[in-house]
Amino acid sequence: MQFQQLQYFVAVAETRHFTRAADLVHVAQPSLSQQIKALERELGADLFLRARGNITLTDAGEALLPLARRILADADTARHEVQELVQLRRGRVRLGATPSLCTGLLPDVLRAFHDRYPGIRLLIEEGGSHDLVRELARGALDLALVVLPLPSPSPALTTVELLREDLVVVSSPEAPAPGRGRPAVRIADLEGERLVMFRHGYDLRELTVAACRAEGFEPDLAVEGGEMDAVLGFVRAGLGVAVVPRMVATRSGRALRVTPLARPGLHRTIALAHRSDVAPPRAARELQRMLLER
């Protein structure tokens, strides 16, 4: 009895049609029929009652079907388990993250992961939380770092809170300090400041604009439409100030003046998300563990 013969038998049993079964297992229909006949000869019993347009299981076929399914399932489990082990020596992890997290949180974690698993390719996709949630849902990503709350609730995703991060104001050291040089800046102090603003759909843009409007003013935008690196570059050039995550500001070194926001300040919650209906691959689960334990 061959493993392939059991695959063909189950395909015919489920489709009740030799041609459709052959299409399902990607083999020519005559080859499938020959293998089924060979299996019947070995077992000494017919497995199907063949009538034009009507294929049914015999008693022997009914007895074999659950056993064949179990054998195929066990073989698939064995293959999966071996591949899981192999994936820690080679394979890939598809990780989505907002640009600010790619700049602030990920470099150290990814370096540690690469040092431990040098054979794993890391495929990083930058985007806003809305885009990353969509990519997760369609199976294009294994994991994603997103900002909570999600732009639209998704019961198909599992999220685990990773960190709560303060936002700060960055400005050029050569420009006047925001908030008239006070050690902490209130959101209200940003009225009259020229702001360098992220593109539409960027989580930090929505948060900053909403905070300004809650204080009763519209932010005055000097430049808008950039990603994180562009925004920091425009601030260094003295075009305006920007509200960015503390981790990003810390990594910028002395090239930028960093001023905290006065209490209650602004914060964002970062979560690690993956599909609820599909377990991430072994390598992705290992990266997930390292992110949660960082």
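The values are calculated or read from the model by the stated rules, or taken from the named source; none is laboratory data. Everything numeric here is computed off the predicted structure, so don't read it as measured data. As a convention, Cβ positions derive from the backbone with ideal geometry for all residues, glycine included, and neighbour counts pool all protein chains shown. The accessibility values were calculated without ligands, DNA or RNA, using every heavy atom of the protein model including side chains. Shrake-Rupley method; radii C 1.70, N 1.55, O 1.52, S 1.80 Å.
What is the ratio of the Cα radius of gyration of the range 76-227 to 2.2 N^0.38 Å, where N is its residue count, to two decimals?
Details: Rg = 19.9 Å, N = 152, 2.2 N^0.38 = 14.8 Å.
The value comes to 1.34.
What does the charge count around VAL82 come to, taking other residues whose C-beta lies under 14 Å from its C-beta (Lys +1, Arg +1, Asp -1, Glu -1)?
Values: positive: ARG79, ARG89, ARG90, ARG282; negative: ASP74, ASP76, GLU81, GLU84.
Charge balance near VAL82 sits at 0.
With the crude spin-label approximation of a point 7 Å out along Cα→Cβ, what separation in nm comes out for ALA63 versus LEU150?
4.9 nm
Highest mean first, what order results for 251-257, 143-149, 77-83 on Cβ atoms within 10 Å?
Working: 251-257: 14.4, 143-149: 21.7, 77-83: 10.6.
Output ranking for 251-257, 143-149, 77-83: 143-149, 251-257, 77-83.
When 1/r is averaged over all different Cα pairs and the result inverted, which Kirkwood radius in Å belongs to the range 202-294?
Numbers: mean 1/r = 0.0621 Å⁻¹.
For the range 202-294, inverting the mean 1/r across all distinct Cα pairs yields 16.1 Å.
Report the trypsin sites (Lys or Arg not before Pro) located in the range 22-75 that are in a DSSP loop and have at most 13 other Cβ atoms inside 10 Å of their Cβ, or state none. Show your work: numbers first, answer last.
Details: sites: LYS37, ARG41, ARG50, ARG52, ARG69, ARG70; in loops: ARG52.
In loop regions of the range 22-75 (DSSP not H, G, I, E or B), the sparsely surrounded trypsin sites (Lys or Arg not before Pro) are ARG52.
Might you report the magnitude of the Cβ-based charge dipole of the chain about its Cα centre, with Lys and Arg at +1 and Asp and Glu at -1, to the nearest 20 debye?
Magnitude of the dipole: close to 460 debye.
Can you pull out the chymotrypsin sites (Phe, Trp or Tyr not before Pro) in the range 139-248 that DSSP calls coil and that have at most 14 other Cβ atoms within 10 Å? It would help to have the intermediate numbers written out before the result.
Working: sites: PHE198, TYR202, PHE217, PHE234; in loops: TYR202, PHE217.
Answer by residue number: PHE217.
Based on the Cβ-Cβ distance from HIS80 to ARG182, what FRET efficiency comes out when R0 is 51 Å, to the nearest 0.05?
Working: r = 59 Å, r/R0 = 1.15.
E between HIS80 and ARG182, to the nearest 0.05, is 0.30.
Semi-axes of the range 178-228's equivalent ellipsoid from the Cα gyration tensor, sqrt of 5 times each eigenvalue, largest first, rounded to whole Å? If you can, show how the numbers build up before the last one.
Values: eigenvalues 73, 30, 19 Å².
Square roots of five times the eigenvalues give 19, 12, 10 Å.
Run the 1.4 Å probe and let me know the accessible area of MET290, rounded to the nearest 10 Å².
20 Å²
Provide the packing ranking of 92-98, 113-119, 30-36, i.e. peptides ordered by the mean count of other C-beta atoms within 10 Å per residue, highest first.
Working: 92-98: 23.6, 113-119: 13.7, 30-36: 16.7.
My ranking of the peptides, most packed first, is 92-98, 30-36, 113-119.
Report the net charge of residues surrounding GLY91, where surrounding means a beta-carbon distance below 11 angstrom and charges are Lys +1, Arg +1, Asp -1, Glu -1.
On the way: positive: ARG89, ARG90, ARG92, ARG94, ARG121, ARG282; negative: GLU84, ASP142, GLU286.
Residues close to GLY91 contribute a combined charge of +3.
Excluding ARG257 itself, what net charge comes from residues whose Cβ is under 11 Å from its Cβ, given Lys and Arg +1 and Asp and Glu -1?
Values: positive: ARG236, ARG254; negative: GLU174.
Net local charge, ARG257 excluded: +1.
When only C-alpha pairs under 8 Å and at least 6 residues apart count, what is the relative contact order of the range 1-105, in percent? Numbers along the way, then the final one.
Values: 69 pairs, mean separation 23.1, N = 105.
Here the relative contact order equals 22 percent.
Could you tell me what percent of the accessible area of the chain is made up of carbon and sulfur, with a 1.4 Å probe and every protein chain present? Mind showing how you got there, number by number?
Working: 7800 of 15550 Å².
Of the solvent-accessible surface of the chain, carbon and sulfur hold 50 percent.
Which distance in Å, rounded to a whole number, links the C-alpha centroids of the range 75-135 and the range 50-72?
The range 75-135 and the range 50-72 have Cα centres spaced 42 Å from each other.
Quick one: what do you get for the range 43-155 if you divide its Cα Rg by 2.2 N^0.38 Å? If you can, show how the numbers build up before the last one.
Working: Rg = 23.3 Å, N = 113, 2.2 N^0.38 = 13.3 Å.
Dividing the Cα radius of gyration by 2.2 N^0.38 Å gives 1.76.
Write down the percent of antiparallel bridges among all DSSP beta bridges whose residues are both part of the range 171-265, to the nearest 5.
On the way: 1 of 8 bridges.
Here the antiparallel bridges make up roughly 10 percent for the range 171-265.
Only sites in a loop by DSSP and with at most 10 other Cβ atoms within 10 Å count here; which GluC sites (Glu not before Pro) in the range 141-203 make the cut?
Working: sites: GLU161, GLU165, GLU174, GLU191, GLU193; in loops: GLU174, GLU191, GLU193.
When the GluC sites (Glu not before Pro) of the range 141-203 are filtered for loop state and at most 10 Cβ neighbours within 10 Å, GLU174 remain.
Can you tell me what share of the DSSP beta bridges in the chain is antiparallel? A percent to the nearest 5 is fine.
Bridges in the chain that DSSP calls antiparallel: roughly 60 percent.
Taking the Cα atoms of the chain, report the difference between the largest and smallest coordinate on each principal axis, in whole Å and largest first.
93, 40, 29
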